[in-house]
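Structure first, commentary second.
The values are calculated or read from the model by the stated rules, or taken from the named source; none is laboratory data. As the structure is a computational prediction, the values presented were derived from the model and not from experiment. Cβ: placed from backbone, ideal geometry, glycine included. Neighbour counts: every protein chain shown.
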Amino acid sequence: MPDTVGLPARLPAPEPGWAESTDVVVIGSGVAGLTTALHLREAGLHVTVVTKVNIDDGSTRWAQGGIAAVLDPFDSPAAHAEDTKVAGVGLCDPAAVEVLVTEGPDRVRELIRWGTQFDRNPDGSLMLTREGGHHANRIVHAGGDATGAEVQRALHTAVHRDPWIRLVEHALVLDLLRDSTGRACGITLHVLGEGRPDGVGAIHARAVVLATGGMGQIFAATTNPVVSTGDGVALALRAGATVTDLEFVQFHPTALYLRGSGSAQQPLVSEALRGEGAYLVDGDGKRFMVGQHELAELAPRDIVAKGIHRQLLASGAEHVYLDARHVERVTERFPTITAYCRAAGVDPAQDLIPVAPAAHYASGGVRTDLHGRTSIPGLYACGEVACTGVHGANRLASNSLLEGLVFSRRIAADIAAEKPDFADPVNAHEVPGGEPPSSEGEATWRANLQLAMSRGAGVLRTAAGLAEAQAVLAELATRTPRRGTDGWELTNLLTVASALVRAASLREETRGCHWREDHPQAEESWRGHLLARLADGGVTDDWEPMR
């Protein structure tokens, strides 16, 4: 299948009109970005955190279920590792998984030191629960189902206490700056607001850390916030970095179904609710996951999402139901979910909850090693934007916040140990481009991309459906808005969507959260990774088999 052509190597932006310097610039203000910043400060480095809207507007605060870590003496890192690798269906990097499960407990304790208040039992011990794919209770949570909000609150507070962490909000990062050796030495960005930072500028730094989150907004239905447009992956591709495993997008099985809401973000109904005993039923009230997997509703997310999708295809319905009416103290235990449901006219204690799959988490991303280093010296990646090798073909529930915690510390340690000199960028220059169309045209362009991706590259994929999605992307590439924040963001969406569709088309098997109906089995010949790069306006791929 031919590439989408016309993907730029740089965004068409004016030359930076202002510049400032810092030791490290961190792009993103969720758990990955803020913990990286805090660790860098503990190492004595000055940090600038750049975030797209406000500090709390990323994905972290929406995380409901919790953080997986071995904190029970009857549990073990080996058991956590095994569950992680089973969910990853043969594509997890064992070394990365080992790092995650062995260093994770200390990182959770560090969160507590930074002020995170997790839920506790009457005796003061941490309250642990279980989620899909786990064979032990190892999920710490806060506020019942508001873990992300509590983690974000604590990190936000810790960051604001430190005067040497500069926060730049309402800033869209454009492109990577590199020195004469090819090393990352800063970024260009566009800041909205008044005064000197207004407009396109540059931040020069010894190192750059991508912590920009996911890419869920390339789909029509997603649990991701509106800021999750794949900006970090797109920037990395334009800079020549390697990305991998983009085809493995996890669709959360149970997003709250909102008919005709027009919402850009679907509320999540955490699988922690299933962990407490809620189960899935069809329109007739019959459980349909029993017999499909030994864990039924608590199977790994790809299994449950596929089970629901098959049910929807067979029945012609738009959603199934989650029955939590028998869960003890459900409204008190899950206040966030209850609030979402009641806003939609549903009472979880009395009513069935309508749910359907929605794009939730990108298991792939910018390829890194065990220290967060990308293929470009000086450029690091952490959190959902990164592909550390932990998740393989499917992320295990509640491993995402943990991954950000673990690898942020490793990144900070690596940067502090190396502490490179400042260097002058050699690629900061204006790229010409036309004016953007009207906002109405941009909204239609975005909706067309999202609909094509959901239809052709969503939960269910076929060669024909992917080819149709690719055709839409190729047509959209001929009329992508060129300038302005909307145009730059749409270019990021197109770049990431094109790379994902190409990888999904090439991988002719079903594995993890990549479900090819025309290739329904996992194939040993596909046990490996597709490595994507941007070259000559299109996406190219290399194949790397598992060792």
- prompt: Only one of (1) touching a residue at least 60 places away in the same chain (Cβ under 8 Å); (2) assigned to a helix (DSSP H, G or I); (3) touching a Phe, Trp or Tyr at 6+ places or on another chain (Cβ under 8 Å) is not met by V304, so which one is it?
  reply: (3)
field: Conditions (1) farther than 28 Å from L494 by Cβ; (2) assigned to a strand (DSSP E or B); number of the one not met by S180
entry: (2)
query: From the set of residues in the range 212-224 that are part of a loop (DSSP other than H, G, I, E, B) and either in the same structural domain as L490 (by TED's automatic domain parsing) or β-branched (V, I, T) (or both), which is nearest to C387 (Cα to Cα)?
result: T212
field: Members of the range 382-425 that are of a type in the set (F, W, Y) and part of a loop (DSSP other than H, G, I, E, B)
entry: F422
- prompt: Are there any pairs with C-beta distances below 7 angstrom linking a residue in the range 372-390 that is among the polar types (S, T, N, Q) to a residue that is assigned to a helix (DSSP H, G or I), with the two at least 6 apart or on different chains, and if so which?
  reply: T374/A236; T388/A96; T388/E403; T388/F407
statement: Of (1) closer than 24 Å to V385 by Cα; (2) in a helix (DSSP H, G or I), T480 satisfies every one except (2)
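Would you confirm whether any residue within the range 225-245 is aliphatic (A, V, I, L, M) and either without any contact (Cβ under 8 Å) to a residue 12 or more places away in the chain or in the same structural domain as W526 (by TED's automatic domain parsing) (or both)?
First pass over the range 225-245, keeping only residues aliphatic (A, V, I, L, M): 226-227, 233-237, 239, 241, 243.
Pick out the ones that are also either without any contact (Cβ under 8 Å) to a residue 12 or more places away in the chain or in the same structural domain as W526 (by TED's automatic domain parsing) (or both) and you get none.
Taking every residue of the range 225-245 in turn, none turns out to be aliphatic (A, V, I, L, M) and either without any contact (Cβ under 8 Å) to a residue 12 or more places away in the chain or in the same structural domain as W526 (by TED's automatic domain parsing) (or both).
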message: Go through (1) surrounded by 14 or more Cβ atoms within 10 Å (Cβ to Cβ); (2) within 23 Å of Y361 (Cβ to Cβ) for E544 and report which single condition fails.
response: (1)
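Which of the following residues is touching a residue at least 60 places away in the same chain (Cβ under 8 Å) and surrounded by 15 or more Cβ atoms within 10 Å (Cβ to Cβ): V101, V31?
Values: V101 fails: touching a residue at least 60 places away in the same chain (Cβ under 8 Å).
So the residue among V101, V31 that is touching a residue at least 60 places away in the same chain (Cβ under 8 Å) and surrounded by 15 or more Cβ atoms within 10 Å (Cβ to Cβ) is V31.
Quick one: in the range 368-402, which of the residues that are of a type in the set (D, E, K, R) and surrounded by 24 or more Cβ atoms within 10 Å (Cβ to Cβ) is farthest from K306 (Cα to Cα)? Talk me through it step by step, then tell me what you get.
First, the residues of the range 368-402 that are of a type in the set (D, E, K, R): 369, 373, 384, 395.
Now restrict to residues that are surrounded by 24 or more Cβ atoms within 10 Å (Cβ to Cβ): 384, 395.
Working: E384: 22, R395: 15 Å.
So, considering only residues that are of a type in the set (D, E, K, R) and surrounded by 24 or more Cβ atoms within 10 Å (Cβ to Cβ), the one farthest from K306 (Cα to Cα) is E384.
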query: If you scan the range 59-82, which residues turn out to be farther than 18 Å from T116 by Cα and not aliphatic (A, V, I, L, M)?
result: D72, P73, F74, D75, S76, P77, H80, E82
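Would you confirm, using the coordinates I've provided, whether A299 is touching a helix residue (DSSP H, G or I) at 6+ places or on another chain (Cβ under 9 Å) and among the small types (G, A, S)? Outline the logic, then answer.
Values: touching a helix residue (DSSP H, G or I) at 6+ places or on another chain (Cβ under 9 Å): yes; among the small types (G, A, S): yes.
Yes: the conditions hold for A299.
Restricting attention to the range 356-371, and to residues there that are assigned to a loop (DSSP other than H, G, I, E, B) and not charged (D, E, K, R), which single residue is nearest to L280 (Cα to Cα)?
Checked the range 356-371; the qualifying residue nearest to L280 (Cα to Cα) is S363.
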- prompt: Looking at A522, is it surrounded by fewer than 24 Cβ atoms within 10 Å (Cβ to Cβ) and either under 22 Å from F219 (Cα atoms) or small (G, A, S) (or both)?
  reply: yes
- prompt: Of the numbered conditions (1) of a type in the set (D, E, K, R); (2) closer than 20 Å to R310 by Cα; (3) under 25 Å from the mean Cα position of the chain (by Cα), R502 satisfies every one except a single condition; which is it?
  reply: (2)
query: When you look at V108, is it in contact (Cβ under 8 Å) with a residue 60 or more places away in the chain, within 25 Å of G230 (Cα to Cα) and in contact with a strand residue (DSSP E or B) (Cβ under 8 Å, 6 or more places away or on another chain), yes or no?
result: no
message: Just to be sure I understand the filter: pairs with C-beta atoms under 6 Å, separated by 6 or more residues or on different chains, first member in the range 70-93 and basic (K, R), second member part of a loop (DSSP other than H, G, I, E, B). Which pairs pass?
response: K85/C92
query: So which of L370, L379, L322 is modelled with pLDDT of 95 or more and assigned by TED's automatic domain parsing to the domain that holds M289?
result: L322
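So that you can scan it fast, the table gives a plain yes or no per residue for (1) surrounded by fewer than 20 Cβ atoms within 10 Å (Cβ to Cβ); (2) at pLDDT below 95; (3) not in a strand (DSSP E or B):
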residue	(1), (2), (3)
R166	yes, no, no
E194	yes, yes, yes
P197	yes, yes, yes
V200	yes, yes, no
I203	no, no, no
V209	no, no, no
V226	yes, yes, yes
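Tell me yes or no: at least one residue of the range 126-149 is part of a strand (DSSP E or B), among the polar types (S, T, N, Q) and under 18 Å from A63 (Cα atoms). Step through it out loud before you land on a result.
Restricting attention to the range 126-149, the residues satisfying the condition of being part of a strand (DSSP E or B) are 126, 128-129, 139-140.
If we keep only those that are among the polar types (S, T, N, Q) too, we end up with 129.
From what is left, the residues that are under 18 Å from A63 (Cα atoms) are 129.
Yes, some residue in the range 126-149 is part of a strand (DSSP E or B), among the polar types (S, T, N, Q) and under 18 Å from A63 (Cα atoms).
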- prompt: So L401 fits all but one of (1) under 19 Å from P267 (Cα atoms); (2) outside the structural domain of A239 (by TED's automatic domain parsing); what number is the exception?
  reply: (2)
task: Considering each residue of the range 361-393, count those that are within 12 Å of the chain's Cα centre (by Cα) and among the polar types (S, T, N, Q), and give that number.
output: 1
statement: Within the range 43-66, restricting to residues that are under 15 Å from the mean Cα position of the chain (by Cα) and over 30 Å from K419 (Cβ atoms), the one that is surrounded by the most Cβ atoms within 10 Å (Cβ to Cβ) is S59
query: Which condition number does C513 fail, the rest of (1) within 17 Å of G230 (Cα to Cα); (2) surrounded by 23 or more Cβ atoms within 10 Å (Cβ to Cβ); (3) among the hydrophobic types (A, V, I, L, M, F, W, C) being met?
result: (1)
- prompt: Just one of R325, R342 is without any contact (Cβ under 8 Å) to a residue 12 or more places away in the chain and either not hydroxyl-bearing (S, T, Y) or not in a loop (DSSP other than H, G, I, E, B) (or both); which is it?
  reply: R342
